[in-house]
Amino acid sequence: MKISKAVFVKSYADAEKFALEESGMTEICVAGRSNVGKSSFINMLCQNGKLCKTSSLPGRTRLINIFGINDEFLLVDLPGYGFAKASKQERKSWADLMGGYFGEAKFLRHALVLMDIRHEPSALDVQMLEYLYYYQIPFTVIATKSDKLSKSKVSQNVTAMAAALKIGRDNIIPVSVEGFNRDRVLSKLEEILAVDEDIEQVCQEEDN
């Protein structure tokens, strides 16, 4: 896959409103802790450093941000979780927003879950995967900040992460803001879209 067009579409503070305005396009969401580098990952993936606003202060994003990719699918940037200074009410709002999105999104086909490769998956990371298992949403773990480690350490930590999360190594893609493994992520997106096209074609044939 080649990303030739990536544009910001809209932000939502209400998952139900987003569901009501859904375009019918395939959705792939990006989730992760508030300091894991979601904005940097999206910018790297789309090769546009100004597409997604980054901040030195974690926890700034409280909205669902939508980006249109190649007029083909939507990349849905979900609010970061686990911000230490978030109030109890803010954490509840986040949980309500996540539950509302996962429960209402009819066109969500895959989740990219970002985790910092330098650390063991947190309880909140595991909880995010439990959300996805509950709503039967396929996912791929994106291990960010791999440029901070040696190649051998990256491999070791991917193995440890896979064991901790009880998933296969192939379901974890280590990346860096410099573009390491960008091609693997793009290939994964292409695979997701191809499966979605096959499902849509089968549905159309059944309708006919």
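The values are calculated or read from the model by the stated rules, or taken from the named source; none is laboratory data. Fair warning: this is a prediction, and the values are worked out from it, not measured in the lab. As a convention, Cβ positions derive from the backbone with ideal geometry for all residues, glycine included, and neighbour counts pool all protein chains shown.
Residue check: is Asp183 at pLDDT 95 or above, assigned to a helix (DSSP H, G or I), under 20 Å from Leu129 (Cβ atoms) and among the charged types (D, E, K, R)? Against the criterion (at pLDDT 95 or above, assigned to a helix (DSSP H, G or I), under 20 Å from Leu129 (Cβ atoms) and among the charged types (D, E, K, R)), Asp183 does not qualify. When the helices (runs of 4 or more DSSP H) confined to region 1-110 are screened for residues that are under 26 Å from Tyr134 (Cβ atoms) and of a type in the set (Asp, Glu), those reaching at least 2 such residues are found at 88-104. In the condition set (1) touching a residue at least 60 places away in the same chain (Cβ under 8 Å); (2) under 12 Å from the mean Cα position of the chain (by Cα), Tyr101 is compliant with all but (2).
Out of all the residues in region 86-94, is one or more at pLDDT below 90, loosely packed, with under 13 Cβ neighbours inside 10 Å and under 21 Å from Gly179 (Cβ atoms)? For region 86-94, residues at pLDDT below 90, loosely packed, with under 13 Cβ neighbours inside 10 Å and under 21 Å from Gly179 (Cβ atoms): absent. If you go through region 135-175 and keep only what is assigned to a helix (DSSP H, G or I), of a type in the set (S, T, N, Q) and either under 18 Å from Ser40 (Cβ atoms) or within 13 Å of the chain's Cα centre (by Cα) (or both), you end up with just Ser146. For region 98-136, a tally of residues being within 27 Å of Val177 (Cα to Cα) and touching a Cys at 6+ places or on another chain (Cβ under 8 Å) returns 4.
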